[in-house]
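This report concerns only the one structure given below.
None of the figures in this text is laboratory data; all of them are computed from the coordinates on show. Everything numeric here is computed off the predicted structure, so don't read it as measured data. Reconstructed Cβ throughout: ideal geometry from the backbone, glycine too, with neighbour counts over all protein chains shown.
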Amino acid sequence: MTASKRCRPRHANYAPVPLTAPPSIKKNQQRTIMILESKNIPYVAIDITDPSQEEAKEYMTTTAVPKPNAKVPVTPQIFNEADYCGVRCCLG
C-alpha cells in the first residue's frame with residue numbers, strides 16, 4: 001500500500017498533548033482535531049501522559065518522526081491503526 005493511501009485514515013489514533021504543553025503545541029492539537037472532525041474521520045484520542053498508556057507512548061516515541069533539530073517527536077501525532085502518518089500527510 002502506498003504511503004498516501006495508508007495516510008488517509010478511516011479511523012485515526014491520535015495522541016493529544018499534555019495539559020502542561022506550550023500554547024503552540026496546544027494550538028496544533030486543536031487544529032488537528034478540527035480538521036479530523038471536519039473531514040468526518042473518526043479518531044481515538046490517546047493520552048500518552050496517562051500511566052496506563054505507557055505502551056502507546058513508547059510506540060509513538062519510537063515510530064513517529066521528530067521535527068528537524070528535535071530529539072523526540074512531539075504531539076499531536078496521527079496513526080492509521082499501526083501505520084504512522086504524521087500530521088501533514090493526513091491534514092494537508
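Working note: Karplus 6.51/-1.76/1.60 with θ = phi - 60° gives the range 29-45 the couplings 5, 4, 5, 4, 4, 4, 5, 4, 5, 5, 9, 6, 9, x, 9, 10, 7 Hz, where Gly and Pro are set to x.
By the count of other C-beta atoms within 10 Å, a proxy for reagent exposure, LYS67, LYS26 are ordered fewest to most as LYS67, LYS26.
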